[in-house]
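Contents: one structure, followed by commentary.
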Amino acid sequence: MNKFVDPKLYGLPPSTKLEQVGTNQYDIVIQRKSRIIMKDGEGILAKVNKIKNHVSNAKVCLKTSAPVCSKTKSFLEGHGISVSVYC
C-alpha cells in the first residue's frame, strides 16, 4: 500500500510526513541529519496520540534517516512506537 496521506485529516501539522503502510498501520517519516532527541520524542508521542484519537486501533512507527538518542528510543518503544532507521 505505502502511500502518503494528508496529515491534516488527523489533526497534525501539514509539515508532518505520514505514510500509510497498511490497514491501520502508519509511519511518521522524518528525513534529516541531526539527532532525534527527547524533545523530538515528546512531539512524536503527541502526534501518535492524535492519530490514535482518529483511528483507535492504529499502529504507528517512526521511520527516520537520523540517528536516534538511546534514551529517546527507549522512551518511544516504552509507549509502543517502534523505531526504524533507514539510509
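Nearest 500 deg cm²/dmol is fine: what mean residue ellipticity at 222 nm does the chain get from its DSSP H runs of n ≥ 4 alone, each adding -39,500 (n - 2.57), divided by its residue count?
-9500 deg cm²/dmol
Which whole-number percent gives the relative contact order of the chain, counting Cα pairs below 8 Å spaced six or more residues apart? Intermediate values should be presented prior to the final figure.
Details: 138 pairs, mean separation 23.8, N = 87.
Rounded, it is 27 percent for the chain.
Work out from phi, with θ = phi - 60° and the Karplus expression 6.51 cos²θ - 1.76 cosθ + 1.60, the ³J(HN,Hα) of each residue of segment 49-66, listed in order in whole Hz, and give x for Gly and Pro.
The phi angles translate into 5, 5, 5, 5, 5, 8, 10, 4, 9, 6, 10, 10, 10, 9, 10, 9, 9, 8 Hz.
On full extension of the chain, what length is gained from GLU42 through CYS87, given 0.36 nm per residue of separation minus the C-alpha to C-alpha distance? Could the numbers behind the result be given before it?
Values: separation 45, 0.36 × 45 = 16.20 nm, distance 2.35 nm.
Here the segment from GLU42 to CYS87 would lengthen by 13.9 nm.
Once Lys and Arg get +1 and Asp and Glu get -1 on their Cβ, which of SER34, VAL55, LEU45 lies farthest toward the positive end of the dipole of the chain?
Result: SER34.
Using a cut-off of 13 Å between beta-carbons, work out the net charge of the residues near GLN20 (Lys and Arg +1, Asp and Glu -1, GLN20 not included). Numbers along the way, then the final one.
Details: positive: LYS3, LYS17, LYS59, LYS63; negative: ASP6, GLU19, ASP27.
For residues surrounding GLN20, the net value is +1.
What residues have an amide H closer than 5 Å to that of VAL68, excluding those fewer than 5 places away on the same chain, when H is modeled at 1.01 Å from N in the peptide plane?
HN-HN under 5 Å from VAL68: ILE36.
On full extension of the chain, what length is gained from CYS69 through THR23, given 0.36 nm per residue of separation minus the C-alpha to C-alpha distance?
On the way: separation 46, 0.36 × 46 = 16.56 nm, distance 2.95 nm.
Going from the current span to full extension adds 13.6 nm.
So with the 1.4 Å probe, I'd like the accessible area per residue for the chain, rounded to whole Å². Don't jump to the answer; show the numbers that get you there.
On the way: 5180 Å² over 87 residues.
Accessible area per residue: 59 Å².
Looking at the chain, which trypsin sites (Lys or Arg not before Pro) are in a loop (DSSP not H, G, I, E or B) and have at most 13 other Cβ atoms within 10 Å?
Working: sites: LYS3, LYS8, LYS17, ARG32, LYS33, ARG35, LYS39, LYS47, LYS50, LYS52, LYS59, LYS63, LYS71, LYS73; in loops: ARG32, LYS33, ARG35.
Here the sparse-neighbourhood loop sites are ARG32, LYS33, ARG35.
Ignoring ligands, DNA and RNA, what percent of the 1.4 Å accessible area of the chain is carbon and sulfur? Could the numbers behind the result be given before it?
Working: 2730 of 5180 Å².
Roughly 53 percent, rounded to a whole number.
Under 5 Å between amide hydrogens, which residues at least 5 positions from SER82 or on another chain qualify, with H placed 1.01 Å from N in the peptide plane?
Residues meeting the amide H criterion: LEU62.
Considering all alpha-carbon pairs of the chain, what whole percent are spaced by more than 23 angstrom? All intermediate terms of the calculation are to be shown ahead of the outcome.
Values: 546 of 3741 pairs.
Counting every Cα pair in the chain, those more than 23 Å apart make up 15 percent.
Provide the per-residue ³J(HN,Hα) series for segment 14-23, in order, calculated from phi with Karplus coefficients 6.51, -1.76, 1.60 and θ = phi - 60°, each as a whole number of Hz, with x at glycine and proline positions.
x, 7, 6, 9, 10, 10, 8, 8, x, 5
The values are calculated or read from the model by the stated rules, or taken from the named source; none is laboratory data. Keep in mind that what you see is a predicted model, and the values were worked out from it rather than measured. For neighbour counting, all protein chains shown are included, and Cβ atoms are generated from backbone atoms with ideal geometry for every residue, glycine included. For the accessible areas, the whole protein counts, side chains as well, though only heavy atoms, and no ligand, DNA or RNA atoms are used. Shrake-Rupley method; radii C 1.70, N 1.55, O 1.52, S 1.80 Å.
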